[in-house]
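Q: What follows is a single structure, and I will ask about it in a moment.
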Amino acid sequence: MIELQERIKNQFSDSIQTKIMSADVLQPIILAAGEKLTTCLLNGHKVMSCGNGASACDALRFAGQMLNRFKGERPPLPALALTSDASAITGIANDSAYQDVFAKQIRGLGQAGDMLLAISTSGNFASILHAIKAAHDRNIDVIALTGGDGGKISEILRDTDVEIRVPSSDTARAQETHILIIHCLCDIVDYQLFGHGESE
């Protein structure tokens with residue numbers, strides 16, 4: 001029992017330390033990403049998000065908080081999680097290839113000036129790489145949430161894209177920090193567009 005309690009304590013400690021390290025190095029990068037999102041929305045464009053596995057849930061979280069609210073009540077913001085349409089995803093995976101499940105949606109729904117939030121802790125999933133390439137083809141800038149060394153994503157990003165790379169190769173720690181970064185982005189957008197962001 002004591003051993004298990006120590007494991008729990010270590011999980012909390014490791015998560016806290018990863019967030020502290022991330023805060024030290026990522027603040028200006030998160031700010032730059034938040035300002036790009038704000039500009040995109042002010043110009044009448046939308047934000048799409050995608051990820052696999054737990055990162056698919058994070059993509060849904062981001063889109064939901066944009067459409068509904070983060071903390072305070074405000075008008076809905078145009079955001080679309082490309083992980084949410086089961087018919088499209090399974091159809092594309094079955095008829096084409098899983099690596100195209102997000103790219104095809106971007107080619108059909110994306111417009112120049114939109115943004116893509118691409119989430120991958122490893123930075124190596126083919127479906128995310130194809131999504132980024134499709135976004136670039138549509139003149140859509142990318143915010144990439146990654147971890148570790150950034151994987152292949154860091155190699156294909158353009159100068160106008162923003163990579164927010166969590167300084168950890170531990171998948172769980174990176175995912176936990178991605179959630180916090182998403183909340184930071186939501187807070188920046190809310191504050192810049194509506195002048196609030198504090199708990200209501």
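Q: Within the range 130-147, count every residue that is of a type outside the set (Asp, Glu) and open to solvent by 30 Å² or more (accessible area, probe 1.4 Å).
A: Step one: list which residues in the range 130-147 are of a type outside the set (Asp, Glu), which gives 130-136, 138-140, 142-147.
From what's left, open to solvent by 30 Å² or more (accessible area, probe 1.4 Å): 130, 133, 136, 138-139.
The total comes to 5.
Q: I would also like to ask the following. Regarding Gly64, is this residue surrounded by 13 or more Cβ atoms within 10 Å (Cβ to Cβ) and not in a helix (DSSP H, G or I)? Break it down into steps so the answer makes sense when it comes.
A: Details: surrounded by 13 or more Cβ atoms within 10 Å (Cβ to Cβ): yes; not in a helix (DSSP H, G or I): no.
Here the answer is no, as Gly64 does not meet what is asked.
Q: Here is a check on your reading of the model: is Ser87 over 16 Å from the mean Cα position of the chain (by Cα) and hydroxyl-bearing (Ser, Thr, Tyr)? Please lay out each step first, then the result.
A: On the way: over 16 Å from the mean Cα position of the chain (by Cα): yes; hydroxyl-bearing (Ser, Thr, Tyr): yes.
When the stated conditions are applied, Ser87 passes them.
Q: Moving to a separate point now. Given the structure, is Ser127 open to solvent by less than 30 Å² (accessible area, probe 1.4 Å) and either part of a helix (DSSP H, G or I) or farther than 20 Å from Ser22 by Cβ (or both)? Outline the logic, then answer.
A: On the way: open to solvent by less than 30 Å² (accessible area, probe 1.4 Å): yes; either part of a helix (DSSP H, G or I) or farther than 20 Å from Ser22 by Cβ (or both): yes.
Yes: the conditions hold for Ser127.
Q: Another one. Out of all the residues in the range 132-142, is one or more under 24 Å from Tyr98 (Cβ atoms), assigned to a strand (DSSP E or B) and free of Cβ contacts under 8 Å to residues at least 60 places away in the same chain?
A: Within the range 132-142, the first condition is being under 24 Å from Tyr98 (Cβ atoms), and the residues that meet it are 132-138, 140, 142.
The next check asks that each one be assigned to a strand (DSSP E or B); those that pass are 142.
So of that shortlist, the ones also free of Cβ contacts under 8 Å to residues at least 60 places away in the same chain come out as 142.
Yes, because at least one residue in the range 132-142 is under 24 Å from Tyr98 (Cβ atoms), assigned to a strand (DSSP E or B) and free of Cβ contacts under 8 Å to residues at least 60 places away in the same chain.
Q: Would you mind stating whether Lys46 is touching a residue at least 60 places away in the same chain (Cβ under 8 Å), touching an Asp or Glu at 6+ places or on another chain (Cβ under 6 Å) and within 17 Å of Phe62 (Cβ to Cβ)? Explain how you work it out, then say what you get.
A: On the way: touching a residue at least 60 places away in the same chain (Cβ under 8 Å): yes; touching an Asp or Glu at 6+ places or on another chain (Cβ under 6 Å): yes; within 17 Å of Phe62 (Cβ to Cβ): yes.
Spelling it out, Lys46 is indeed touching a residue at least 60 places away in the same chain (Cβ under 8 Å), touching an Asp or Glu at 6+ places or on another chain (Cβ under 6 Å) and within 17 Å of Phe62 (Cβ to Cβ).
Q: Moving on. Only residues that are of a type in the set (Gly, Ala, Ser), closer than 12 Å to Ile128 by Cα and in a loop (DSSP other than H, G, I, E, B): list them for the range 143-158, please.
A: Residue satisfying the conditions is Gly151 alone.
Q: Okay, next question. Which of the residues belonging to the range 159-174 are in a helix (DSSP H, G or I), open to solvent by 20 Å² or more (accessible area, probe 1.4 Å) and touching a Ser or Thr at 6+ places or on another chain (Cβ under 6 Å)? Let's see the steps before the verdict.
A: The first filter runs over the range 159-174 and keeps only residues in a helix (DSSP H, G or I), leaving 171-174.
Then drop every residue that is not open to solvent by 20 Å² or more (accessible area, probe 1.4 Å), which leaves 171-172.
The one that is in a helix (DSSP H, G or I), open to solvent by 20 Å² or more (accessible area, probe 1.4 Å) and touching a Ser or Thr at 6+ places or on another chain (Cβ under 6 Å): Thr171.
The values are calculated or read from the model by the stated rules, or taken from the named source; none is laboratory data. All values derive from a computational prediction rather than experimental measurement. As a convention, Cβ positions derive from the backbone with ideal geometry for all residues, glycine included, and neighbour counts pool all protein chains shown. Side chains included, ligands, DNA and RNA excluded: accessible areas come from the protein's heavy atoms. Shrake-Rupley method; radii C 1.70, N 1.55, O 1.52, S 1.80 Å.
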